[in-house]
1. Using all Cα-Cα distances in segment 59-209, what percent lands in each 10 angstrom bin from 0 up to the longest?
2. For the chain, find the longest principal axis of its Cα atoms and tell me its angle to the long axis of helix 160-170, 0 to 90°, nearest 10.
3. At 0.36 nm per residue, minus the direct Cα-Cα distance, what do R266 and Q222 gain on full extension? Give it in nm, one decimal, please.
4. Based on DSSP loop calls and a cut-off of at most 14 other Cβ atoms within 10 Å, the longest stretch of the chain free of exposed GluC sites (Glu not before Pro) is what?
5. Return the ratio Rg/(2.2 N^0.38 Å) for the chain, where Rg is computed over Cα atoms only.
6. Given axes a ≥ b ≥ c from the Cα gyration tensor, I'd like to know whether segment 190-257 is rounded (a/c under 1.5), prolate (a/b larger than b/c) or oblate.
7. May I ask which of K173/K218; K61/K226; K218/K241; K61/K210 have a Cα-Cα span longer than 31 Å here?
8. Taking 7 Å along the Cα-to-C-beta vector as the label spot, tell me the E76-Q107 distance in nanometres, rounded to one decimal.
Amino acid sequence: MTTLRISVDLALEPSAAFNILFDELAVALARVGLELEPGPGGRVVERGVQVGKVQSWQSGKHILVEWHQADWKPDETTKVEIRFEPLKNGTRVTVEHHDWGSLLNDQAGELAGWFASEVVAPLFQATAPIRFGDWLTDRLARRPSGMLARDGYRDPTHHRPNFLAILSALRLKSDDYLLEIGCGGGAFLQYALASGCKAAGLDHSPDMVKVAIDLNRKAVSQGRLKVVQGEANQLPYPDGKFTCAVMTNLLGFLADPIGVLMEIRRVISSPGRIAICTLTSEMKGTMAAPEPIASRLHFYTDQELPEM
């Protein structure tokens, strides 16, 4: 029988490593169609079918999961083990899949082929410039997630000058209904709501939606703000619902900016106001747009913007 093993050393206490890993793992698995239900008796589900069942759950120490590797042979099971080993300066996290390869009859050539194509090649791709740069860009800016993003977007001090400029342009009043597309952690909404207006926020990052709701929980509880997860090209609002809209540092990431602008225009009443803040090419390579983000961002010129 074959055991597949991978490990990483983290400068975290075992309990912190455990909590962060499983928070991140639940999100990552959801992106590839697997649902993780953590805790004792928890399970892993793929397309409604249970593929993993938690047999042991020792928080900060050890997890053991019974794994069903093939729906055409439901009685064939393996074991997935995750261990959290204390080190002098952190924790070693080890994932082992025991007895893997039984359905390949432990044929060395087939196991090597599966290992090369399904484990080693994806690892190389994940650590090569394009994929790693895309991951960092998503993580930090395009679809912010994780601890650093949650903390940073709760109070993005470097965005405050933009916020003040937008507020000056919009001149919000108490009878306004504002929509922010790509609301991030809700910091601009907090500024805007001080005018007495109502507002709605939309972001495609689940982490950002949670932060925005928490940061503005008083306005949410008062019914003055609703924040939802969604996409800018398919706004979940009826025609003419809002009096004004704002979009900050999002335009350069959009694959179809014209389509998004048309969608924003659809949900704005007439007459309405739209304020858009985007980065100029002079910002490329600065702290406002460092690499690898800068290479994945379109910097609009003064000539391009009016033509849109």
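1. Percent of pairs per bin, in order: 9, 21, 23, 19, 14, 10, 3, 0.
2. 40
3. Working: separation 44, 0.36 × 44 = 15.84 nm, distance 2.68 nm.
This chain segment gains 13.2 nm when fully extended.
4. So the longest stretch without any such site is 77-230.
5. Values: Rg = 23.5 Å, N = 308, 2.2 N^0.38 = 19.4 Å.
Ratio of Cα Rg to 2.2 N^0.38 Å: 1.21.
6. It is prolate, given that a/c is not under 1.5 and a/b is the larger ratio.
7. Cα-Cα > 31 Å for K61/K226; rest within.
8. 1.2
Coordinate-derived values only; no laboratory data. On a predicted model such as this, the values are computed, not experimentally measured, just so you know. No Cβ is skipped: glycine too gets one built from the backbone with ideal geometry, and neighbour counts run over all protein chains shown.
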